[in-house]
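In what follows, a single structure is set out as structure tokens and then discussed.
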Amino acid sequence: MDALDLARWQFGITTVYHFIFVPLTIGLSPLVAIMQTLWYRTGNERWLRLTKFFGKLLLINFAIGVATGIVQEFQFGMAWSEYSRFVGDVFGAPLAMEALAAFFVESTFLGLWIFGWDRLPKKIHLACIWAVALATNLSAFFILAANSWMQHPVGVEYNFETGRAEMNDIGAVLTNPTVLAAFPHTITAALLTAGTFVAGIAAWWMVKKVRSGDTATARDVYRPAVILGLVAMLVGGAGVAVSGDQQAKLMFEQQPAKMAAAEGLCESTDGASFSILAIGDLTNDCDGVRHLIEIPGLTSFLATNDFDAPIRGVDELQDYYAQWIRDWEEANGVEATFDDDTRFYPNLAITYWSFRLMIGFGIGSAALSLAALWLLRKKGTVTDKQWFGTLGVAAIATPFLASAFGWIFTEMGRQPWVVAPNPDPSGVDGVWLLTARGVSVVTSPATILISLIGFTLLYGVLAVVWYRLMHRYAVEGVAESEKDPSPEARAAAGRDGSDDDSTLSFAY
Amino acid sequence: MELTTVWFVLIAVLWTGYLVLEGFDFGVGMLLGILPKKGDKERERRVMINTIGPVWDGNEVWLLTAGGATFAAFPEWYATLFSGFYLPLFLILLALIVRVCAFEWRGKINDARWRAWADRALIFGSWLPSVLWGVAFANIVRGVELDADHQYVGGFFALLNPFALLGGVVTTLIFLTHGAIFLALKSDGDIRRRAGDFAARSSVATLVAAGAWAIWLQLAYADAAWTWAAVAVAAVALVLVVLAARARREGQAFVASAVAIVAAVVLIFGSLFPDVMPAFDAANSLTVDNAASTDYTLTVMTWVAVILTPIVLLYQGWTYWVFRKRLTTEHIPAHTGLTFRRDEPAAVAGASSGEGSGTIKE
């Protein structure tokens, strides 16, 4: 393998891995904030117990998300230095903003939340977890603005002298229609992930408690958690579907080759069908694709809201891109960046299947939400049906898988480009870059191989530890009681709030 | 002032924030393997970890911000530096990853072997970056082999030259002393006394090594005479660290060691300017002009930085105020972590390991 392949594997592995933890952090921090708010508002101890229980799971997860996130920011320069030179003027800005506006808030207020239970007034302490929740979501916005720019470069012009993309409109970068669709898609997916996580664990516990005769705990503690998770799932699920449809329409316009490949659509067609099942031969090119099950006209409808609209297939798009880029390079005296073998559409099988697996796993949570809606439809009911608990646990993994395949789809689908050229009306001539031209030129394959092996081994070990910790804390269940640790409660109990000899309510 | 100069200064400020703040939490992390005494090792370690517990994560973000700001303001510098220093940065990343996880996960499982692994991660994860940041900065200021395309072509082993290795020793000693002083400032009882003793001794070694390195830098690699002022400030500050540490004036010692770090950053960046990465062949050097983003991007980022940085300083400062109390072993609660074996009561495991704490909670 050459440096390019190794650098791509490394980026793929470290990024998909990082994004196992990120959606749970983004979605769970507001849910924990809501639980703590309910405790603050109602004074009902169940919400404190739930806050502490899901708060511990959040923190276990937060740590590994933060740790693996550092790699992401360094990796652009380390393995993709030529990409960084080409885009730095525009791509660096949202990254720096993310650190200044979001990471500082997130890290500082998380520290205050973890250690501040007995030092901060209740209201301030509650504000800390909300600050964390908002900052994680804000961070998602900035990094998605950066990624969306790679999918749909806006607010830039090409500098012929330096051969670089240069920003001329930060407003356009931050209101890129692509990020305005990708951001809601990602945070609602995160909400779906966290909702399924909360509802799944609480459903399993509810069934277990009812079956062991502790119906009171099942009803008073776990049922409300299932309901909260369920609401998050319904809001998240609806948001994912609507924003996903929006994204698909944009993508047909901005990256037609990605969407054509996602449908295995080789020849341009009026009223293109949506493929449910297709198989290809091992050559993985157009001649080998056979569509077995299709819904007529649906692809055209998804792209344009018109069942009969024409959709361009990859064969036509191949010629279109080759000609467009070559004409532009010749007209402007720019050195040729590709040869006749260059394919201007992504790997068909990966794009086709990752798109379907994203959608398929995405509706995995629906089974749990429908079951929960039915079984818990009457106020205050709990259930002892074992299958419901099992379904809860089984459903937890599905949104994680959907997110992973979603990223594999959108990043692999952008190939062979790292910065995708967009056809009219919104494309910017010259602002595109083949992935092969973005990789670092001074890092040897051996060097990247060392880090690829190092990261993969370390990540493998950490994944096992993370899973065992999450599992262990989930099966421990909600504590039977939690003492109010706030300074107010201690003052009410007649002890001085600034008592120097008291032990800390929390310590590492 | 030119915008490129503004950003050169801002990036120096971000690195100052990182080295002053994470410097002491690296120091405390390294001292985990040195200071705690047999008999009360576990509780002393926990005192140490908890003095930095609420703040280490916020300290580390200064690094991410410095990295992101370099990317945004000087993309060529970011690209050359990060691809050229690939292996040292990879090692730093490994260290930071295990360190972050160890902080958060250490207390989650109540088992002596589990904690031993977390401590190894914290100690390794603090030593390695302390050494490597010094090596990296020394190489930047010394100059590296860049070709006409501004690519670093010197290879990994060229980074391990005497000046750079001494730089690694200097940052490690500074962080050890800075961390010991911070610990003495934030703890009480026996651990405070031993941290103070350590700082009193290590500050002398720091003064010698850092002083020698600074003079070497100034004589060999600095073009301007004014950076002698930074050498002088650093030297005076380090002498004050020695005096204050010996007199156990912890607050003064901490301010002095922070000033020494600031002076070191001023010396490094001051002797770089107007280069950001000098090359052996001066024609190939990366400078604030040829490495910079466009004026438009720098203007946008200036607004963002000017508005947000003071706010960050305010709430981070507030955090230090909230957690201003000195910690002792008496403050450390019993282990609340679970055990992987569910039938094993947590408290028993803590007691049987012989290093559980005084108060046993459920």
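The values are calculated or read from the model by the stated rules, or taken from the named source; none is laboratory data. On a predicted model such as this, the values are computed, not experimentally measured, just so you know. No Cβ is skipped: glycine too gets one built from the backbone with ideal geometry, and neighbour counts run over all protein chains shown.
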Worksheet item: Is it the case that some residue within segment A:98-115 is outside any helix (DSSP H, G or I), in contact (Cβ under 8 Å) with a residue 12 or more places away in the chain, under 26 Å from A:Pro487 (Cα atoms) and over 25 Å from the mean Cα position of the chain (by Cα)?
Response: no
Practice prompt. Quick one: B:Ile109 ticks every box in (1) farther than 29 Å from A:Leu100 by Cβ; (2) of a type in the set (Val, Ile, Thr); (3) surrounded by 24 or more Cβ atoms within 10 Å (Cβ to Cβ) except a single one, so which number is it?
Written response: (3)
Worksheet item: Among the residues of segment B:69-99 satisfying the criterion of being part of a helix (DSSP H, G or I) and of a type in the set (Phe, Trp, Tyr), which is surrounded by the most Cβ atoms within 10 Å (Cβ to Cβ)?
Response: B:Phe71
Fill in: Test: A:Lys56 is touching an Asp or Glu at 6+ places or on another chain (Cβ under 8 Å), within 24 Å of A:Ala218 (Cα to Cα) and within 11 Å of chain B (Cβ to nearest Cβ)
no
Worksheet item: For B:Ala158, are the conditions met, namely being out of contact with any Gly (no Cβ under 6 Å at 6 or more places or on another chain) and closer than 23 Å to B:Gly23 by Cβ?
Response: no
Worksheet item: Is it the case that segment A:75-96 has a residue that's over 24 Å from A:Val439 (Cβ atoms), among the hydrophobic types (A, V, I, L, M, F, W, C), touching a residue at least 12 places away in the same chain (Cβ under 8 Å) and at the interface with another protein chain (Cβ under 7 Å from one of its Cβ atoms)?
Response: no
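Yes/no matrix, rows are residues, columns are (1) more than 9 Å from chain B (Cβ to nearest Cβ); (2) without any contact (Cβ under 8 Å) to a residue 60 or more places away in the chain; (3) buried (at least 17 other Cβ atoms within 10 Å of the Cβ):
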residue: A:Arg414; (1), (2), (3): yes, no, yes
residue: A:Thr435; (1), (2), (3): yes, no, yes
residue: A:Gly438; (1), (2), (3): yes, no, yes
residue: A:Pro445; (1), (2), (3): yes, no, no
residue: A:Ile450; (1), (2), (3): no, yes, no
residue: A:Val461; (1), (2), (3): yes, yes, no
residue: A:Tyr473; (1), (2), (3): no, no, yes
residue: A:Glu488; (1), (2), (3): yes, no, no
residue: A:Ala493; (1), (2), (3): yes, yes, no
Worksheet item: Just one of B:Ala66, B:Ala102 is more than 7 Å from chain A (Cβ to nearest Cβ), surrounded by 24 or more Cβ atoms within 10 Å (Cβ to Cβ) and either in contact (Cβ under 8 Å) with a residue 12 or more places away in the chain or not hydroxyl-bearing (Ser, Thr, Tyr) (or both); which is it?
Response: B:Ala102
Worksheet entry | segment A:97-117, subset more than 7 Å from chain B (Cβ to nearest Cβ) and among the aromatic types (Phe, Trp, Tyr), residue surrounded by the fewest Cβ atoms within 10 Å (Cβ to Cβ) | A:Trp117
Practice prompt. Sort out which residues of segment A:121-133 are of a type outside the set (Lys, Arg), touching a residue at least 60 places away in the same chain (Cβ under 8 Å) and either part of a helix (DSSP H, G or I) or facing another protein chain (nearest Cβ under 7 Å) (or both), and write them in order of number.
Written response: A:His125, A:Leu126, A:Ile129, A:Trp130, A:Val132, A:Ala133
Response to the item:
Quick count over segment B:186-209, residues being over 23 Å from B:Gly39 (Cα atoms) and surrounded by fewer than 23 Cβ atoms within 10 Å (Cβ to Cβ), is 7
Fill in: Near pairs, Cβ below 6 angstrom, 6+ apart or cross-chain, from segment A:273-287 (closer than 12 Å to A:Glu263 by Cβ) to any residue that is small (Gly, Ala, Ser) and surrounded by 13 or more Cβ atoms within 10 Å (Cβ to Cβ)
A:Ser275/A:Gly264; A:Ala278/A:Gly264
Worksheet item: Of B:Asp281, B:Asp275, which residue is more than 20 Å from the chain's Cα centre (by Cα) and surrounded by fewer than 20 Cβ atoms within 10 Å (Cβ to Cβ)?
Response: B:Asp281
Worksheet item: Are any of the residues in segment B:108-117 free of Cβ contacts under 8 Å to residues at least 12 places away in the same chain, part of a helix (DSSP H, G or I) and facing chain A (nearest Cβ under 7 Å)?
Response: no
Discussion item. I'm trying to understand the selection: among the residues of segment A:250-271, which are out of contact with any Phe, Trp or Tyr (no Cβ under 9 Å at 6 or more places or on another chain) and assigned to a loop (DSSP other than H, G, I, E, B)?
Written reply: A:Leu265, A:Cys266, A:Glu267, A:Ser268
Worksheet entry | Filter pass, B:Leu19 being more than 9 Å from chain A (Cβ to nearest Cβ) and under 25 Å from A:Val132 (Cα atoms) | yes
Worksheet entry | Among (1) farther than 28 Å from A:Asp429 by Cα; (2) more than 30 Å from the chain's Cα centre (by Cα); (3) among the hydrophobic types (A, V, I, L, M, F, W, C) - the single one A:Phe338 does not satisfy | (1)
Fill in: In segment A:250-297, residue modelled with the lowest pLDDT [restricted to those that are surrounded by fewer than 16 Cβ atoms within 10 Å (Cβ to Cβ) and closer than 18 Å to A:Phe409 by Cβ]
A:Asn284
Fill in: Among (1) at the interface with chain A (Cβ under 8 Å from one of its Cβ atoms); (2) farther than 15 Å from B:Arg192 by Cα - the single one B:Asn50 does not satisfy
(2)
Worksheet entry | Conditions (1) more than 30 Å from A:Ser444 (Cβ to Cβ); (2) of a type outside the set (A, V, I, L, M); (3) not in a loop (DSSP other than H, G, I, E, B); number of the one not met by B:Pro54 | (3)
Worksheet item: Out of all the residues in segment B:1-33, which are more than 30 Å from B:Arg120 (Cβ to Cβ) and in a loop (DSSP other than H, G, I, E, B)?
Response: B:Met1, B:Glu2
Response to the item:
Selection from segment A:18-46 of residues more than 30 Å from B:Ile97 (Cβ to Cβ) and touching a residue at least 24 places away in the same chain (Cβ under 8 Å) yields A:Ile34, A:Thr37, A:Tyr40, A:Glu45, A:Arg46
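Out of curiosity, is A:Asp308 assigned to a helix (DSSP H, G or I) and either within 25 Å of the chain's Cα centre (by Cα) or over 30 Å from A:Gln36 (Cβ atoms) (or both)?
Criteria not met by A:Asp308.
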